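Taking it in order: structure first as structure tokens, then the write-up.
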Amino acid sequence: MCRTTVHTRCRSPCIRRPLAPCVIPRSPLRRNGSRTSTAWRARLRVPRPAGAGPEVGRQRHHTRRRIARPCAQLPEISPLVETSVPVRAGQPCDTCEPQRLLRTLQLARSSVNTSIDECCWMAVASLGMTIESTMSTGEFAAETRRALTLRHIEHVRAGTTDAHPDGVRVIPASEYLDPELAAAERALMHTVPLVAATSGELAGPRSYRTEMLFDVPVLLVRQDDGSVKAFLNSCSHRGARLLEGAGEVGKRISCSYHAWTYAPNGELKSVTQPGKFGKVELCDNGLVELPCAERYGLIFVMLDAQGEMDIDAFLGDFAPQLALCNLDTFKVADERTLPHEVNWKLALCGYLESYHVKVVHAKTLAAAFIGNVSTHDAFGPDGRHFRTTWSMNEVVQMAEAEDVDAVLDGLQYAPYNTVLYLYPNTVITAPDFIGIRFINRLFPGHQPHDQITHYRTMVPAFMTDDERAMVEPFQQVTRTAVEEEDYGQVPGINKAIRSGLRDSLLVGENEPTVTEMHRVMARALGRPNPDQPVTPSA
Ligand code: FES
Ligand SMILES: [Fe+2]
């Protein structure tokens, strides 16, 4: 029986909803075609293996608390919450699950509009909101999911996480304060492929989108043959900005200053009053074209008109990892910028480790994750791109199973969150358990302590109303987690690092992606590894 209470933090004090939703988490395992089969639940009761660490013990208790309170009655619901599902009390969980799922999500959605509450988030996170149309299928996806899940299971059983072989490292504060280094990193980013947009933002022929990459105004135009071209968003006459925002270019792009016109492929087509202007060759005065390529739902641009971009060589064996994100099945739901004062690498660190999840995100994301259990792998030329995956609570249940092969054979979705670091400044978060993606780009500012983070939230291009009801609460909770919790740490870090009283920061061996990111950036500039071992005091 669900307990209910008056939640005074909700929009109206008369709203009644579960104190803690009696959630039966949908298993990531498919067993005999049923996600809530008796066999699956029986497996949850297998004793915890010997040697499991204290972290596991805590999570096991947490998970079982929810499982041990099966839903015998649908939660009460406020008449203020719109729903088309009738209340059907007293039914077994397996029967009422679909109705309860929808109702719980509606409750969660109504509450996150005003406040984030852990029990709501637990309800959203633990119900397995996979949208199958966005999931990767095929042998490679299955093998990857299986191999990574096994690594997570082994870590949970052993109480470990992927560790950097060099152990704890010391990073000098100068990595975040040196103006020459900051300028060199900015300059470097003008010579490598950068993520400029997503494919879905240029939906059809002659659609366009403008972007600012650092201080460079970029115009992206999809061509009639389906390819994408990138230009400096600047007229060849006096350099005026040609287009703003996004839309359709039609047959011609017309400059708003003196009305010169360009074809969608960048050719100069007409000069206003050419007899008075004087002779100019149209064929020599088209738009400045930038190297551009489209792969795996992303549009890459290089800010060097004379540069050559071999995007396939740049990605190397990281390409299949990007492909698994299925970004071309998503659309952008939200775009935001976070212009916080902090060195861009310090902001980036927060995306690359799961050590912080149980602490900083205690009120939001923590309920879904084990925390501090991660994998790390490097891909691409010089190992410059990374994949780190973070264990979700489901792995605790899997680690308790006697027959791990059966667990892996029955995987329906990955019980971990995937984070891809796409060198040099992009992070893609791709949780398999819900149809949502986040694309974060961090742009170093003009000063070492300046950066702008631009992030897109992507949702499935096509969603049913039920799927939308699943995705929107997650989207709102994650926005809070990033903007208020992750970036809420930034002012304190920035002040401390600029105080002159710190000469270094520490990176744990449990944060291998953080150490490696610093090394990759240093190698790209021909510098030695910036990190040092911890020196024991005499
Ligand atoms: S600046 Fe574009 S036509 Fe003059
Ligand atoms: Fe975070």
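The values are calculated or read from the model by the stated rules, or taken from the named source; none is laboratory data. Because the structure is predicted, anything quoted here is derived from the model rather than measured. Cβ atoms come from the backbone with ideal geometry, glycine included; neighbour counts cover every protein chain shown. Only protein heavy atoms, including side chains, enter the accessible area calculation; ligands, DNA and RNA are left aside. Shrake-Rupley method; radii C 1.70, N 1.55, O 1.52, S 1.80 Å.
General remarks:
- Any hit, the range 268-282, residues being within 37 Å of the chain's Cα centre (by Cα), surrounded by 16 or more Cβ atoms within 10 Å (Cβ to Cβ) and hydrophobic (A, V, I, L, M, F, W, C): no
- Residue within the range 175-191 that is open to solvent by less than 10 Å² (accessible area, probe 1.4 Å), at pLDDT 95 or above and part of a loop (DSSP other than H, G, I, E, B) present: yes
- Applying the criterion of being assigned to a helix (DSSP H, G or I) and open to solvent by less than 10 Å² (accessible area, probe 1.4 Å) to the residues of the range 138-174, the residue that is farthest from M392 (Cα to Cα) is A141.
- Of the set (1) open to solvent by less than 10 Å² (accessible area, probe 1.4 Å); (2) more than 26 Å from G492 (Cα to Cα), all apply to P381 but (1).
- A single entry from E335, E341 fulfils the requirement of being open to solvent by 40 Å² or more (accessible area, probe 1.4 Å), assigned to a loop (DSSP other than H, G, I, E, B) and either touching a residue at least 60 places away in the same chain (Cβ under 8 Å) or not polar (S, T, N, Q) (or both): E341.
- Cβ pairs under 8 Å, 6+ apart, first in the range 517-538 and outside any loop (DSSP other than H, G, I, E, B), second exposed (fewer than 11 other Cβ atoms within 10 Å of the Cβ): A522/P528
- F379 vs. criteria away from ligand 2 (no atom under 14 Å from the Cβ) and either assigned by TED's automatic domain parsing to the domain that holds A496 or hydroxyl-bearing (S, T, Y) (or both): yes
- Annotation note: of A305, A259, the sole residue that is at positive phi and open to solvent by 40 Å² or more (accessible area, probe 1.4 Å) is A259.
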